[in-house]
Amino acid sequence: MKKKSDSKSTIICPCCRKETTPAGAKRVLGRTFPTWGDVRQKVEPELLLSARYQWACDACLQNGKAIMAEPDQQQYVDHPPFLAYFDLQKKCETCGQDYIFSGKEQQYWYETLKFWVQSKPIACAECRRKKREEKMPKASDKPKPDDV
């Protein structure tokens, strides 16, 4: 007979969707991140049970399926910071195609570009690139020195 798991002692990794114990998430547990008034919040197993936190188990972090995040480098207020990044399947609202919002791209968005963590892409990279190009003035549209 298969032993029924105790929901208080196991957690589901949002990256691999496998059940693990807090011991299988040691790399994210115990880390801290700033909250209101620069009080540091410690990552406890209870936080990982919340669907609002994006984290990954040690196995995903070790095998490269996920990347450890740096909450101190992120912009957030009413949404928790990311504890790890991993590839997310999305659907482009422009062209309707499925695409991957990669862990590396998320890390770049949230830690380098400093986008708010609650911001998410609604279009694939190709559609976003086309939209940027449409907004940029063409070289032929710029006034030439002779036209002034």
- For GLU105 and ASN63, extending 7 Å from Cα along the Cα-Cβ vector and measuring point to point gives, in nm, a value of 2.3 nm
- Under a 5 Å amide H to amide H cut-off, with H placed in plane at 1.01 Å, what residues pair with ALA66 once short-range neighbours are removed? LEU61
- Task: Work through the residues other than LEU29 whose Cβ is under 13 Å from its Cβ and net out their charges, Lys, Arg +1 and Asp, Glu -1.
- Result: +1
- Message: How much length would be gained if the chain were fully extended between SER50 and HIS79, taking 0.36 nm per residue of separation minus their Cα-Cα distance, in nm to one decimal?
- Response: 9.2 nm
- Message: Order these by the 10 Å Cβ neighbour count, fewest first: SER102, SER9.
- Response: SER9, SER102
- Task: Over the alpha-carbon set of the chain, divide Rg by the Kirkwood Rh and report the Rg/Rh ratio to two decimals.
- Result: 1.14
- Note on the structure: Lys and Arg at +1, Asp and Glu at -1: neighbours of THR20 with Cβ under 12 Å from its Cβ sum to +2
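Read the figures in this text as sums done on the coordinates, not as results from a lab. Not measured: the values here are computed from a predicted model. Here Cβ is always computed from backbone atoms with ideal geometry, including for glycine, and neighbour counts include all displayed protein chains.
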